[in-house]
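The values are calculated or read from the model by the stated rules, or taken from the named source; none is laboratory data. This structure is a prediction, so every number in the text was calculated from the model and none was measured. Cβ: placed from backbone, ideal geometry, glycine included. Neighbour counts: every protein chain shown.
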Amino acid sequence: MVDGNLPPGAPPQAPEPPPITLSPEELERFRQRKAFKAEERKHRRHVEPVELNIVAMMDMMTIVLVYLLKSYASDPVQITPSPDTLLPQSTTQLSPQEAVQVAISSRVILVNDKKVAAVKDGRVAPEFKKDNNPSSMYILPLYEALKSENSKQKMFADYNKSQQFKGLLTVIADRRIPFRLLTEVLYTAGQAEFGSYKFAVIKQGT
């Protein structure tokens, strides 16, 4: 079809495209897709991003921590020497206090029942000493274990004012160990800020 109103020399107008005819099935599918997209856009506008409630999580962790601190504070003090350890006897009437336990036997040094150094012939091997010096008073793995306990107790003290760090040890020492070995243990403990100690003994008559 040519428009008779076109100016001279103008390009002829392109013919109009034929109309698109959809079958009833295609028309229904088209309507369904359009309705689905409209519903999807509507749903997207109403959905809010999910965010974690950090405050609630911190409250929950605080409750768990307080529970653990109370359990830690209420546990009865138990001292269990190894079968090969002979404790000294005493007439003391004092009861054990909550403290880090350091056990010294003829074979091993333990911190809270965990082995930190071997003992042989009443001595700690040089590889456990500072600079591998056999005459050193400084027992490295013992210091590291006590320093870890130090940090743990100070962390508890930050949350529980009734559990302040006191630097107290309970020494469970075999009465047959050399005095030099006992001195090395106490010296190393002092370097880790454990300057107070009580000896575990067997009450006479028990």
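Among the residues making up the range 158-206, a single one is in contact with a Gly (Cβ under 7 Å, 6 or more places away or on another chain) and of a type in the set (Val, Ile, Thr): ILE177. If you go through the range 41-49 one residue at a time, do you hit one that is assigned to a helix (DSSP H, G or I) and modelled with pLDDT of 65 or more? Yes, some residue in the range 41-49 is assigned to a helix (DSSP H, G or I) and modelled with pLDDT of 65 or more. Listed by position, the strands (runs of 3 or more DSSP E) inside the range 110-206 whose residues that are of a type in the set (Val, Ile, Thr) and in contact with a strand residue (DSSP E or B) (Cβ under 9 Å, 6 or more places away or on another chain) number at least 2 are 114-120, 168-173. More than 17 Å from THR85 (Cβ to Cβ), touching a helix residue (DSSP H, G or I) at 6+ places or on another chain (Cβ under 9 Å) and hydrophobic (A, V, I, L, M, F, W, C): does that describe MET137? It is true that MET137 is more than 17 Å from THR85 (Cβ to Cβ), touching a helix residue (DSSP H, G or I) at 6+ places or on another chain (Cβ under 9 Å) and hydrophobic (A, V, I, L, M, F, W, C). The condition of being of a type in the set (D, E, K, R) and either crowded, with 18+ Cβ neighbours inside 10 Å or over 30 Å from THR62 (Cα atoms) (or both) holds for only one of ASP113, ASP121, that being ASP121. Within the range 167-206, the set of residues being under 23 Å from the mean Cα position of the chain (by Cα) and over 26 Å from VAL108 (Cβ atoms) is empty.
Of all residues in the range 127-150, those that are without any contact (Cβ under 8 Å) to a residue 24 or more places away in the chain and closer than 15 Å to LYS114 by Cβ have Cβ atoms under 7 Å from Cβ atoms of residues that are assigned to a strand (DSSP E or B) and among the hydrophobic types (A, V, I, L, M, F, W, C), 6 or more apart or on another chain, in PHE128/ALA117; PHE128/ILE139. Scanning the range 130-145 for residues that are within 21 Å of the chain's Cα centre (by Cα) and either among the charged types (D, E, K, R) or within 15 Å of GLU98 (Cα to Cα) (or both) yields one hit, GLU144. Looking only at the range 168-191, filter to residues that are touching a helix residue (DSSP H, G or I) at 6+ places or on another chain (Cβ under 7 Å) and at pLDDT below 95; which one of those is farthest from LEU86 (Cα to Cα)? By that ranking, first place goes to LEU169. Would you check if there is a residue in the range 95-103 being in a helix (DSSP H, G or I), among the acidic types (Asp, Glu) and modelled with pLDDT of 70 or more? Checked against the condition, which is being in a helix (DSSP H, G or I), among the acidic types (Asp, Glu) and modelled with pLDDT of 70 or more, the range 95-103 yields no hits at all.
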